[in-house]
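Notes follow once the structure below has been shown.
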Amino acid sequence: IKDWTSNAEYGRFHLAQVPHGATVSSIYANAQSVHHKFPIDIIFIDYLKLMSSGTRRQSSREEYNDTIIQAKQMATSFADGRGVPVVSPWQVSREAHDKAVVAGYYTLSALAETSEATNSSDVIISFLEPREPQGRFTELKAQVLKNRDGEQASGLQVNVDYASSYFSSGDASRSLNMTSLFGS
């Protein structure tokens with residue numbers, strides 16, 4: 001934390017705890033307010049499925065669709081149309097995970113709970129853990145299931161240290177570069 005507060009190379013970091021029932025619109029308004037103080041280059045939302053769509057629908061699936069569409073609209077219209085990458089984890093069902101463990105990879109159908117998860121997203125990255133948990137350090141299988149403006153990739157090996165949330169590719173001294181996926 002000391003490094004985050006004293007190393008100017010990290011830029012600025014703003015953490016906002018959203019209240020229960022928050023909507024993407026409320027996050028958008030908060031982010032626009034912060035953006036007037038300093039530029040925002042990326043927004044992480046943990047996680048979209050917990051957001052309120054703001055409109056009651058007949059099913060939770062329809063509400064998830066609304067929330068994802070609103071997040072996509074925020075991503076494209078933020079900062080007077082400049083846009084900003086919006087990143088959010090998404091959980092798959094236990095059944096989809098079990099299928100992926102057997103097959104050795106995920107497919108986009110693992111996100112079938114809502115079609116908008118695959119339709120609206122520009123980039124979808126999956127991480128598959130090995131069958132047997134390996135503790136603090138493990139090797140995950142990463143896949144780029146969707147990349148609207150680039151290539152897909154499967155079978156990428158990613159080393160992870162869960163305690164520090166450090167992800168690295170083959171060479172542990174070289175961290176993964178997300179610029180190629182999320183822009184500069």
Using each residue's phi in the range 156-165, evaluate 6.51 cos²θ - 1.76 cosθ + 1.60 at θ = phi - 60° and report the 3J(HN,Hα) Karplus result to the nearest Hz, with x for Gly and Pro.
6, 8, 10, 8, 10, 10, 4, 5, 10, 6
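If you count, for each residue, the other Cβ atoms within 10 Å and average over each peptide, how do 99-110, 155-166 line up from highest to lowest? Please list the in-between numbers first.
Numbers: 99-110: 15.1, 155-166: 12.4.
Per-residue mean Cβ counts within 10 Å order the peptides as 99-110, 155-166.
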Quick check: from the Cα gyration tensor, does the range 1-105 come out rounded (a/c under 1.5), prolate or oblate?
oblate
Cα gyration tensor shape for the range 49-118, rounded if a/c is under 1.5, else prolate or oblate
oblate
Quick one: what does P(r) look like for the chain with 5 Å bins over all Cα pairs, in whole %?
1, 7, 13, 17, 19, 18, 14, 8, 3, 0
Using θ = phi - 60° and Karplus 6.51 cos²θ - 1.76 cosθ + 1.60, couplings along the range 68-81 (whole Hz; Gly, Pro as x)
5, 4, 5, 5, 5, 5, 4, 4, 8, 9, 4, 6, 6, x
So if I place +1 on the C-beta of Lys and Arg and -1 on the C-beta of Asp and Glu, and nothing else carries charge, what would the dipole magnitude of the range 54-124 be about its Cα centre? I want it in debye, nearest 20.
40 debye
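For the chain, what relative contact order do you get, as a whole percent, if you take Cα pairs closer than 8 Å and at least 6 residues apart?
Numbers: 231 pairs, mean separation 23.8, N = 184.
Relative contact order, the chain: 13 percent.
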Do the sum for the chain: with -39,500 (n - 2.57) for every DSSP H run of n ≥ 4, divided by all residues, what is the mean residue ellipticity at 222 nm, to the nearest 500 deg cm²/dmol?
-9000 deg cm²/dmol
If I model a spin label as a point 7 Å beyond the Cα along the Cα-Cβ vector, how far apart are those points for Ser6 and Ser115 in nm?
5.5 nm
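A short reminder: the numbers here are calculations on the coordinates, not readings from a lab. Just so we're clear, the structure is a prediction, and the values are computed from it rather than from any experiment. Glycine gets a Cβ as well: all are built from the backbone with ideal geometry, and neighbour counts include every protein chain shown.
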